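The values are calculated or read from the model by the stated rules, or taken from the named source; none is laboratory data. In this text, all values refer to a predicted model and were calculated from it rather than measured experimentally. Note that each Cβ is placed from the backbone with ideal geometry, even for glycine, and that neighbours are counted across all protein chains shown. Keep in mind that these areas ignore ligands, DNA and RNA; they rest on the heavy atoms of the full protein, side chains included. Shrake-Rupley method; radii C 1.70, N 1.55, O 1.52, S 1.80 Å.
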Amino acid sequence: MLNRVNFEIAKLASKEAGRYAIQNLQVHQDKTVVTNGHLLLEVTGTTAEVGNFPAIEGVTPAATFDPFLLSAAVAAAVAKAVPKKPHLLVLSH
């Protein structure tokens with residue numbers, strides 16, 4: 001399972017317009033990878049079972065997915081949207 005840190009590494013992606021191929025994060029099921037052409041950073045995530053999450057009507061969870069490229073700008077927006085502190089759900093009696 002990916003978290004905020006997995007997307008914050010977008011800051012390391014190349015910002016040079018001519019290096020468009022490395023202005024992305026490579027997102028895998030258990031990690032994200034980014035490079036600026038000089039440094040390569042890989043951040044791993046934790047594993048989680050799909051059944052551990054609540055069911056949402058109209059959404060079909062996927063246990064696996066193929067790796068894909070995510071633009072650094074979109075990754076930065078995702079990192080900003082993810083809360084810094086997790087919210088704990090309180091069940092009412």
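Quick notes on this one:
- Scan of region 42-51 for residues that are open to solvent by 70 Å² or more (accessible area, probe 1.4 Å) and in a strand (DSSP E or B), ordered by number: 42, 44
Every residue, every condition in (1) modelled with pLDDT under 90; (2) in a strand (DSSP E or B); (3) buried (at least 16 other Cβ atoms within 10 Å of the Cβ), yes or no:
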residue: 7; (1), (2), (3): yes, no, yes
residue: 26; (1), (2), (3): no, yes, no
residue: 54; (1), (2), (3): yes, no, no
residue: 76; (1), (2), (3): no, no, yes
residue: 85; (1), (2), (3): yes, no, no
residue: 89; (1), (2), (3): yes, no, no
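- When 11, 80 are checked against the criterion of being open to solvent by 90 Å² or more (accessible area, probe 1.4 Å) and without any contact (Cβ under 8 Å) to a residue 24 or more places away in the chain, 80 stands alone in meeting it.
- Residue 32 being assigned to a loop (DSSP other than H, G, I, E, B) and of a type outside the set (Lys, Arg): no
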